[in-house]
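The values are calculated or read from the model by the stated rules, or taken from the named source; none is laboratory data. In this text, all values refer to a predicted model and were calculated from it rather than measured experimentally. Neighbour counts are summed over all protein chains in view; Cβ atoms, including those assigned to glycine, are modelled from backbone coordinates with ideal geometry. For the accessible areas, the whole protein counts, side chains as well, though only heavy atoms, and no ligand, DNA or RNA atoms are used. Shrake-Rupley method; radii C 1.70, N 1.55, O 1.52, S 1.80 Å.
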Amino acid sequence: MEDHTQAFLLKDGFLLLGTALAFVLLFRRLGLGATLGYLLAGAILGPYAFGLVGDAENKLGIAELGITLLLFIVGLELAPRRLWRMRNEIFGLGFLQVALCGLAVSAVIYYSTGFSVAAALALGLPLGLSSTAQVLPMLQSAGRLNTPFGERSFAVLLFQDLSIIPLITIIAAMNRNPHLPEGPPGWILVLETLAAIVGLILAGRFVIRPLFRLIGNLGEREMFVFAALFTVIASAALMEVLGLSTALGAFIAGVMLADTPYRHELEADVEPFRSILLGLFFMSVGMMLDLSAIAERPLFVASMALALIAVKASVIFGLGLLFRMNWRSALALGLLLSQGGEFGFVLFAQAQNAWLIEPQAASLFSAIVTLSMVTTPFLMMATARIREMPTSKETREGPRKDGASALVVGYGRFGQTVAQVLIAAEIQVTLIDTDIEMIDVASGFGAKVWFGDGTRIDLLRQAGAGHAQMIVFCIDGDQLSESFLQNVHEAFPDARILARVYDRRAMIRLMDAPVTFMVREVMESAVTMARSALEDLGLSVEQIDNAEEMYRSSDKERLSIQYETGDLRAARDHILTQDLRDAH
């Protein structure tokens with residue numbers, strides 16, 4: 001039995017990963033985005049097509065962790081101060097979007113289907129929500145999450161997560177099933193939510209932060225991965241127990257860690273899990289697409305999906321204008337949030353259990369949600385030229401860059417001097433180090449140093465290397481290799497690379513590396529001391545400059561010969577000795 005189960009899991013894994021790989025590569029190549037590839041791959045594998053992979057609902061339950069991890073990563077990028085600045089968009093624009101879109105879609109369903117008011121509300125209000133799992137990756141991949149447009153989009157999505165509680169309460173209040181146990185009243189759910197949020201904030205401050213500091217001192221990367229996943233799953237589990245949004249719990253945990261030095265390390269560790277599980281989520285959604293329901297009533301599904309998109313896009317477009325967005329950005333916001341969301345599946349199931357809708361209606365409207373999600377990449381592509389004209393206010397202002405112009409890896413004695421000179425020149429700097437004590441000392445002097453291993457490409461990317469003008473490696477010892485620096489250059493071709501190397505052996509080894517500038521650890525300080533010694537001996541500035549130039553020229557020629565021959569003992573006659581000096 002155990003061998004059979006293992007073989008079954010291996011077969012499912014092989015089919016899911018292989019099909020996802022093929023379709024995502026194809027759809028990326030066609031410029032249609034990964035989400036559509038995952039959805040179509042799932043639909044083909046699912047029980048309503050070839051039936052090669054089953055148990056879609058259980059896979060969906062596991063894959064929803066991808067949304068949870070996504071919200072955790074987004075939370076890491078939103079420090080509490082920045083979140084407070086967005087409060088008007090969250091509770092103003094977000095509230096109006098959920099309320100007006102939900103009521104408008106409910107009205108369309110009521111007048112076009114003949115459903116009861118309760119059924120129309122049970123279907124329409126959930127359809128007012130959008131797909132966080134689809135929209136946020138689209139914003140991230142386009143580099144727009146940290147722009148004003150991205151912040152407004154996220155504010156709406158965040159309020160949609162908060163609105164799950166009142167929507168559950170509304171469905172429970174309309175319950176017609178006498179056998180369904182009554183849940184707690186709405187005000188109890190609100191109090192439980194507030195208590196859970198406060199609990200997560202306190203846990204983040206007094207438990208999670210000290211835990212990561214302890215792990216940072218140990219220097220065990222695997223423990224960081226464990227602790228990061230534990231934080232996400234624990235916060236999600238707390239919300240799950242209370243019947244609330246698991247993604248909201250993970251988001252709060254992320255916000256609580258956004259101002260800590262561990263943010264970039266956490267992002268780099270969690271990102272691979274997020275990508276895999278989010279892909280599995282969309283495949284599970286595709287597997288659940290009831291093709292037979294669509295085949296029975298294709299016109300109804302297609303027309304209702306179009307009506308959903310049109311109504312939501314129109315309402316959100318109007319709200320965008322109301323909140324003083326230019327019409328191009330308002331149109332982009334409306335189209336981006338026009339699809340139904342993954343929470344619709346959950347709320348449809350609750351409405352079915354409450355005898356508000358029939359199972360056939362739940363299947364039909366689940367198909368409508370999935371179809372609306374499929375249309376989003378096409379809508380964004382079709383309207384790209386209209387939305388992205390250079391006359392757009394946001395285009396004129398340019399995106400908000402929270403990243404750095406310079407990324408300094410290593411904040412020891414050497415790195416501190418480099419960073420302070422760059423800061424004195426008004427260059428925005430991001431600092432990375434692995435020494436927890438050094439990070440604590442730096443914070444005492446007002447410097448913000450992030451914890452992380454700067455010899456990891458994924459961490460450099462999370463720290464902002466993608467838009468940095470230069471990456472400066474100031475780390476101790478002989479840790480840099482030519483292959484690593486080549487990988488950095490290929491990953492971030494627009495960034496100049498500067499490196500501190502241990503000695504002339506390291507410099508010779510890195511001669512072919514794509515580095516703009518290299519300096520040996522003690523060379524410049526030694527030259528400075530030699531100049532001071534000559535000055536104390538009474539030599540003129542011209543004599544001192546000549547002596548320094550003689551040394552630098554001789555050393556440069558020696559390095560060149562040693563690099564060409566591969567022999568550190570080569571060019572010994574270029575070493576300035578007393579005998580050689582006397583001979584001159």
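Out of everything in segment 320-351 that is open to solvent by 60 Å² or more (accessible area, probe 1.4 Å) and modelled with pLDDT under 85, what residue ends up being nearest to ARG176 (Cα to Cα)?
GLN350
Do we have LEU26 as open to solvent by 10 Å² or more (accessible area, probe 1.4 Å), at pLDDT 85 or above, in a helix (DSSP H, G or I) and under 25 Å from ASP269 (Cα atoms) here?
Answer is no for this residue.
Looking at segment 100-115, which of the residues that are touching a residue at least 24 places away in the same chain (Cβ under 8 Å) and in contact with a Ser or Thr (Cβ under 9 Å, 6 or more places away or on another chain) is surrounded by the most Cβ atoms within 10 Å (Cβ to Cβ)?
CYS101
Select from segment 29-43 the residues that are free of Cβ contacts under 8 Å to residues at least 40 places away in the same chain and either open to solvent by 60 Å² or more (accessible area, probe 1.4 Å) or among the hydrophobic types (A, V, I, L, M, F, W, C) (or both) and list them in ascending order.
Correct list: ARG29, LEU30.
Considering ASP458, ASP536, which residue is open to solvent by 30 Å² or more (accessible area, probe 1.4 Å) and modelled with pLDDT under 90?
Of ASP458, ASP536, the one residue that is open to solvent by 30 Å² or more (accessible area, probe 1.4 Å) and modelled with pLDDT under 90 is ASP458.
Being of a type in the set (A, V, I, L, M, F, W, C), in contact (Cβ under 8 Å) with a residue 12 or more places away in the chain and open to solvent by less than 10 Å² (accessible area, probe 1.4 Å) is the requirement here; does LEU289 meet it?
no
Report every pair of residues separated by at least 6 positions or lying on different chains whose Cβ atoms are under 7 Å apart, first residue within segment 449-477 and without any contact (Cβ under 8 Å) to a residue 60 or more places away in the chain, second open to solvent by 40 Å² or more (accessible area, probe 1.4 Å).
THR455/GLN479; ILE457/ASN487; GLY477/TYR502
Scan segment 489-496 and give yes if some residue there is surrounded by fewer than 19 Cβ atoms within 10 Å (Cβ to Cβ), among the charged types (D, E, K, R), assigned to a loop (DSSP other than H, G, I, E, B) and modelled with pLDDT of 85 or more, otherwise no.
Looking through segment 489-496, at least one residue is surrounded by fewer than 19 Cβ atoms within 10 Å (Cβ to Cβ), among the charged types (D, E, K, R), assigned to a loop (DSSP other than H, G, I, E, B) and modelled with pLDDT of 85 or more.
Among the residues of segment 137-178, write down those that are among the small types (Gly, Ala, Ser) and not in a helix (DSSP H, G or I).
The answer is ALA142, GLY143, SER163.
From VAL527, VAL472, VAL519, which residue is touching an Asp or Glu at 6+ places or on another chain (Cβ under 9 Å) and outside any loop (DSSP other than H, G, I, E, B)?
It is VAL527.
Can you name every one of the helices (runs of 4 or more DSSP H) wholly within segment 223-298 that holds 3 or more residues which are in contact with a Ser or Thr (Cβ under 9 Å, 6 or more places away or on another chain) and under 15 Å from GLY61 (Cα atoms)?
By residue number, 263-287.
Right, THR577: modelled with pLDDT under 85 and either open to solvent by 60 Å² or more (accessible area, probe 1.4 Å) or within 22 Å of MET507 (Cα to Cα) (or both) or not?
Spelling it out, THR577 is indeed modelled with pLDDT under 85 and either open to solvent by 60 Å² or more (accessible area, probe 1.4 Å) or within 22 Å of MET507 (Cα to Cα) (or both).
Looking only at segment 243-300, which residues are of a type in the set (Asp, Glu) and more than 24 Å from ALA361 (Cβ to Cβ)?
ASP259, GLU265, GLU267, ASP269, GLU271
Of all residues in segment 361-391, which are at pLDDT below 80, within 18 Å of MET138 (Cβ to Cβ) and touching a Lys or Arg at 6+ places or on another chain (Cβ under 9 Å)?
Across segment 361-391, the qualifying residues are ILE386, ARG387, GLU388.
Just one of (1) open to solvent by 10 Å² or more (accessible area, probe 1.4 Å); (2) farther than 16 Å from ILE168 by Cα trips up ALA118, so point out which.
Unmet condition: (2).
Among (1) out of contact with any helix residue (DSSP H, G or I) (no Cβ under 8 Å at 6 or more places or on another chain); (2) closer than 27 Å to GLY102 by Cβ; (3) modelled with pLDDT under 85, where does ALA295 come up short?
(2)
Can you tell me which residue in segment 53-93 is surrounded by the most Cβ atoms within 10 Å (Cβ to Cβ), limited to those that are small (Gly, Ala, Ser) and closer than 29 Å to GLY464 by Cα?
Only one residue fits best here, namely GLY75.
State which residue pairs qualify: first residue without any contact (Cβ under 8 Å) to a residue 12 or more places away in the chain and under 22 Å from ARG87 (Cα atoms) and inside segment 311-328, second residue open to solvent by 60 Å² or more (accessible area, probe 1.4 Å) and acidic (Asp, Glu) in any location, beta carbons under 8 Å apart, and separation of 6 or more residues or different chains.
none
Can you tell me which residue among ALA463, ALA447 is closer than 16 Å to PRO261 by Cβ and open to solvent by 10 Å² or more (accessible area, probe 1.4 Å)?
Every option except ALA447 fails the conditions.
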